[in-house]
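Contents: one structure, followed by commentary.
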Amino acid sequence: LAAPHHLNPKPDVNNLPFGKYFTDHMLKVPYHRRLGGWQKPEITPMENLNLHPAAKVFHYAIELFEGMKAYRGYDGKIRLFRPEMNMARMNVTAYRSGLPTFEGEELIKAMARLVMIDSEWVPHTESASLYIRPTLIGIEPTLGVASSDSALLYTILSPVGPYFKPGAKGLKLYAEPKYTRAWPGGVGDRKVGSNYGPTIHVQQEALRHGCHQVLWLYGDDHQLTEVGVMNIFMLYMKENG
């Protein structure tokens, strides 16, 4: 674990932009097919990854991630919110991406241990939380479109506040039918990085139009699918209530 003199100062919980600050430790679990699969999990000080330039994650986007949170309750206890659902989706995404699946309950235990080690990073307030980002990447150093015989599952933690500034009275959404984020048979319901890269240009276009986010449409009838960072729900007011 990180030595006391290597621990980072805690940020102001009233000023926590998304994904800027990170805790002192991370979880790493390597996978090597030639060694029999998953290797021993390890919690280490937060550090950079050392990957070969030919690692498949760089060339063919063989990777996935999840986003979940830990909250500090009114009683001071730290709780994860529905982690088993994140693990289920992560395994489904891994299967679709040709990456190794894993025991969700075991990863939850390992991540809970990581959160406990960095428990002082869980904000002591209801307006902020600790964001948990488990990530699985293909690291086999070979070119060629194929599954990766080696992978790395790692988890990093980041204290975060609200995604949008408190007090926002509403968000302006940008809807442009010529852009589509997800379609039948695709991976719009999976958390793979390749879903997000092509949306950056459209998000920039939305900002130029004075909007906060993109409202993604699909089909000739412009069906509403989702907003860039959230779901969207409609409330219909009828004459009869």
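The values are calculated or read from the model by the stated rules, or taken from the named source; none is laboratory data. Everything numeric in this text was worked out from a predicted model, so none of it was measured. Here the Cβ is made from the backbone with ideal geometry for all residues, glycine too, and neighbour counts use every protein chain on show.
Give the residue, chosen from 170, 210, that is out of contact with any strand residue (DSSP E or B) (no Cβ under 9 Å at 6 or more places or on another chain), in a loop (DSSP other than H, G, I, E, B) and farther than 30 Å from residue 114 by Cβ.
Working: 210 fails: out of contact with any strand residue (DSSP E or B) (no Cβ under 9 Å at 6 or more places or on another chain).
That would be 170, the only listed residue that is out of contact with any strand residue (DSSP E or B) (no Cβ under 9 Å at 6 or more places or on another chain), in a loop (DSSP other than H, G, I, E, B) and farther than 30 Å from residue 114 by Cβ.
To keep it simple, each residue is scored yes or no on (1) outside the structural domain of residue 18 (by TED's automatic domain parsing); (2) surrounded by 13 or more Cβ atoms within 10 Å (Cβ to Cβ); (3) in contact with a Phe, Trp or Tyr (Cβ under 6 Å, 6 or more places away or on another chain); (4) under 27 Å from residue 186 (Cα atoms).
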residue	(1), (2), (3), (4)
197	yes, no, no, yes
202	yes, yes, yes, yes
216	yes, yes, no, yes
235	yes, no, no, no
239	yes, no, no, no
Take the conditions within 30 Å of residue 32 (Cβ to Cβ), surrounded by 17 or more Cβ atoms within 10 Å (Cβ to Cβ), small (Gly, Ala, Ser) and touching a Lys or Arg at 6+ places or on another chain (Cβ under 6 Å) and apply them to residue 148. Does it pass?
yes
Looking at the stretch 61-88, I want the residues that are farther than 15 Å from residue 191 by Cα and have a partner that is part of a loop (DSSP other than H, G, I, E, B) with Cβ atoms under 7 Å, at least 6 apart or on another chain. Which pairs are those?
69/81; 70/122; 71/81; 72/122; 72/123; 72/124; 78/122; 79/73
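When the residues of the stretch 178-195 are filtered to those that are on the phi < 0 side of the Ramachandran plot and exposed (fewer than 11 other Cβ atoms within 10 Å of the Cβ), which remaining residue is modelled with the lowest pLDDT?
Filtering first and then ranking leaves 184.
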